[in-house]
Amino acid sequence: MKQKINCIILDDEPFAVRLLNDYALKTDLLNIIYAGSDVYEVMKLLGSESIDLIFIDIQMPELTGIEMMKMFNKNHNFIVTTAYAEYALEAFDFHVVDFLLKPITFNRFYQGVQKFIQWQQAFIPEPQMDHLFVRSDRKYYKIAFDEVIYIEGLKDYIRIHTINDKVMVLENMKDILEKLPENRFMRIHRSYIIATDKIKVIEGNRIQMRNQDFVTVGETYRKLFSEWIESSGR
């Protein structure tokens, strides 16, 4: 079973609290940490508990929903529950996943929860590959990114220089670059792509790599490379 969503229900109307609490129990997706009207209790919980989602009313006597969202917007996500449609535009200035207008049906409540789940999934980073497969001499070679020192372009072929080997592949520089993680590899010449963590020494426009080979920074790439060096030194 998927991990449940820790939630808080905050509303100054007892009937609304009971209704939303009942809806939350029916979904089997939500773990209710608190359901009630005490804004100060909610503030304490937000400081001590891991809360994924807050169902929040707008019109409350001690502290409005808008004021609460201003205070906790950076770290929390909200579904607004209110009888006042005119607050919709202002509410979406915050991390509001959905805006439920009272009276709220179970179907509409469930849609809001599903929208939150989809929103969460959209921000889950995809697992990063740590290798690629290349074909050479009718065989497929698994090349770990950690082992690549640099890639050399040779007309219609490329030569991949790794820590322990050199692999010749029928590929062009543009296509191979698209298969490499941007934060680890950089093209510095029409004929060279380097693994930036395998640089040993930079002397002018010449770079000595970890395997002692020298590569040259092409004129077209010098400005970009200089900017990368400056940003790396900060």
Highest first, please rank the peptides 5-13, 20-28, 102-110 by the mean number of other Cβ atoms sitting within 10 Å of their residues.
5-13, 20-28, 102-110
Trypsin sites (Lys or Arg not before Pro) lying in DSSP loop within the stretch 30-82, provided at most 11 other Cβ fall within 10 Å:
Lys74
I want the local charge near Val80. Using Cβ-Cβ distances under 11 Å, sum +1 for each Lys or Arg and -1 for each Asp or Glu among the other residues.
-3
The FRET efficiency for Asp28 and Arg184, from their Cβ-Cβ distance with R0 = 35 Å and rounded to 0.05, is 0.25
Rounded to a whole number, what % of the accessible area of the stretch 15-59 do carbon and sulfur atoms account for, probe 1.4 Å?
48 percent
To the nearest 20 debye, what charge dipole does the chain have about its Cα centre, counting +1 at the Cβ of each Lys and Arg and -1 at the Cβ of each Asp and Glu?
1420 debye
Just want to confirm a number: the relative contact order over the chain, from Cα pairs under 8 angstrom separated by 6+ residues, in percent.
10 percent
Can you list residues from other chains, or at least 5 along the same chain, whose modelled amide H is less than 5 Å from the amide H of Ser136?
Tyr141
Amide H neighbours of Phe185 under 5 Å, at least 5 residues apart or on other chains, H built in the peptide plane: list them.
Thr196
FRET efficiency, 1/(1 + (r/R0)^6) with R0 41 Å, evaluated for Gln3 and Val201 via beta carbons:
0.25
Pairs of lysines in the stretch 55-207 (C-alpha under 28 Å apart; 8 or more residues apart or interchain):
29
Can you list residues whose amide H is under 5 Å from Tyr150's amide H, if they're 5+ apart or on another chain and H is modeled 1.01 Å from N?
His161, Ala195
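The values are calculated or read from the model by the stated rules, or taken from the named source; none is laboratory data. This one's a predicted model, so the numbers in the text were calculated from it and none came from an experiment. Neighbour counts run over all protein chains shown; Cβ positions are idealised from the backbone, glycine included. Protein only, heavy atoms only, side chains kept; ligands, DNA and RNA dropped before computing areas. Shrake-Rupley method; radii C 1.70, N 1.55, O 1.52, S 1.80 Å.
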